[in-house]
Amino acid sequence: MSYIIRQATLLQKGNTQHKKKVDVFIKDGIIQQINQNISGVSAAEIRGQELFISSGWVDMRCSLTDPGFEHKDDLSSLLDSAASGGFTTVITLPNSLPKIIDKSGISYLKNASKNHLVNLKPTGFIEDPDSKNNLTEMYDMFQTGAVAFTNGDEEISNGLLRKALLYTKPLDAFIISHPSDKSLEHGGMVHESSTLVTTGLKMAPSISEYVSLSQQLAVAEYCNAPIHFSCISTTESVSLIREAKKRGLKVTCDVSIFNLCFTDERVLSFDENFKVYPPLRSESDQKALIDGILDGTIDAISSNHSSQNLESKVVEFDYAAYGVLSQPFMVAWYEKYLAKAISIDCFVNKLTSGPSSIINHQEAKIEEGSTANLTVLDSQKKWIFNEETNYSKSNNTHELEAEQKGAVVAVFNNNCVNLY
């Protein structure tokens, strides 16, 4: 099939057409022509009210529900959901059942996803669950296709982190950490703040993230090894990473779209869909995160997408599982909550070149002769999130049946195209 994307603003820093409106002609998965007005070719047309085109988006953090939790999402539905949100590459956490701890787990994920439009980049677990404070078969997993290693949301000791950093240092892999001192967090499920003190919910202070991150930064500096911090959520974390970068440390980080768009005030509704990890923080934390996006401290925006079935969410807030569907709402939430503070090209940059540089993969080029790995969005398109537009098996979101403005209208990758 052939396609022409009509009058879309191209967003790719360094591209000669950056911020210009162009037509893009794609045939057999290859970009054939980019021009201001393409004529004389026969192709299906993709039009919109206000189109933008970029290289395919990369999600730095997505929960894995297959194997073990296929009732929440299997690999196919998970990747379908990612594509509908604009992602052509997703990095999955190793939090399946069983956990991804050896090359067989990595092989399963690679083989089961190889024919999909979305590229799945799996991570492996750092700590051997059967031998605490010992590493898993990291080299075997790396050789099989793991791009990184992480304990997910589970705590990692500084000693084991040191082992992991030194072990992966010679490899083209890296360590992802979600910093949190569990002894300080002490089972808290919402942000410790004056806003939530009257709710009776157990609170998680921001110092738990700060203490863990500062210690892990020191370990990474000692090892002279790169480290990526996932889903930072506090003012102090942004400040620590900003200073670390100024000192030349090999540190990168991402922030969840949920923490960028919402604050702890949302928890006052006791809607279980606002029970997320890390918890929603204060308005001042939210501002610090946005400032971190603008000044380059924060390298990427992740979805932190986590599918949860009905039985895990429609219960009392205390007993509800953490997590929310977020991939389908990346554009809509940007338009509603972030467009005034963050320019569209900055936002897209944190979904393309930012995460690509973290995982040491070249960002897909938007030029004639290149393979089409593209995300096309319409900032004005209105739509409703419902059974028809939800590609996940789960529906754990406060946006169910709500009208949205801003949507992905097409994604191209692996000689495949999805039109929405």
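The values are calculated or read from the model by the stated rules, or taken from the named source; none is laboratory data. Predicted model only: the values in this text are computed from it and were never measured. Cβ placement follows ideal geometry from the backbone for every residue including glycine, while neighbour counts extend to all protein chains displayed. Note: areas computed on protein heavy atoms with side chains; ligands, DNA, RNA excluded. Shrake-Rupley method; radii C 1.70, N 1.55, O 1.52, S 1.80 Å.
Worth a mention:
- One residue alone among S284, S306, S237, S312 is open to solvent by 10 Å² or more (accessible area, probe 1.4 Å), polar (S, T, N, Q) and without any contact (Cβ under 8 Å) to a residue 60 or more places away in the chain, and that residue is S284.
- Matching residues in region 73-88 - criterion: being open to solvent by 30 Å² or more (accessible area, probe 1.4 Å) and assigned to a loop (DSSP other than H, G, I, E, B): D74
- Positions within region 192-211 being in a loop (DSSP other than H, G, I, E, B) and small (G, A, S), in sequence order: S193, S194, G200, S206
- Close Cβ contacts (under 8 Å, 6 or more residues apart or on different chains) running from residues in region 1-17 that are of a type in the set (S, T, Y) to residues that are assigned to a loop (DSSP other than H, G, I, E, B) and open to solvent by less than 50 Å² (accessible area, probe 1.4 Å) comprise S2/A43; Y3/A43.
- Qualifying residue in region 77-94 (condition: among the acidic types (D, E) and farther than 23 Å from Y420 by Cβ): no
- Near pairs, Cβ below 8 angstrom, 6+ apart or cross-chain, from region 350-362 (aliphatic (A, V, I, L, M)) to any residue that is assigned to a helix (DSSP H, G or I): L351/M330
- Selection count where residues are outside any loop (DSSP other than H, G, I, E, B) and more than 28 Å from M1 (Cβ to Cβ), scope region 385-420: 2
- Qualifying residue in region 242-249 (condition: crowded, with 23+ Cβ neighbours inside 10 Å and among the acidic types (D, E)): no
- Scanning region 212-228 for residues that are in a loop (DSSP other than H, G, I, E, B) and under 24 Å from the mean Cα position of the chain (by Cα) returns A225, P226.
A quick yes/no check of all residues on (1) crowded, with 18+ Cβ neighbours inside 10 Å; (2) in contact with a Gly (Cβ under 9 Å, 6 or more places away or on another chain):
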residue	(1), (2)
A8	yes, yes
I31	yes, yes
Q36	no, no
S39	no, no
R61	yes, no
G68	no, no
H71	no, no
S104	no, no
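- Of the residues making up region 137-155, those that are part of a helix (DSSP H, G or I), open to solvent by 40 Å² or more (accessible area, probe 1.4 Å) and either over 12 Å from P122 (Cβ atoms) or free of Cβ contacts under 8 Å to residues at least 12 places away in the same chain (or both) are Y139, D140, Q143.
- Taking the conditions (1) of a type outside the set (S, T, Y); (2) buried (at least 23 other Cβ atoms within 10 Å of the Cβ); (3) not in a helix (DSSP H, G or I) in turn, V348 satisfies each one other than (3).
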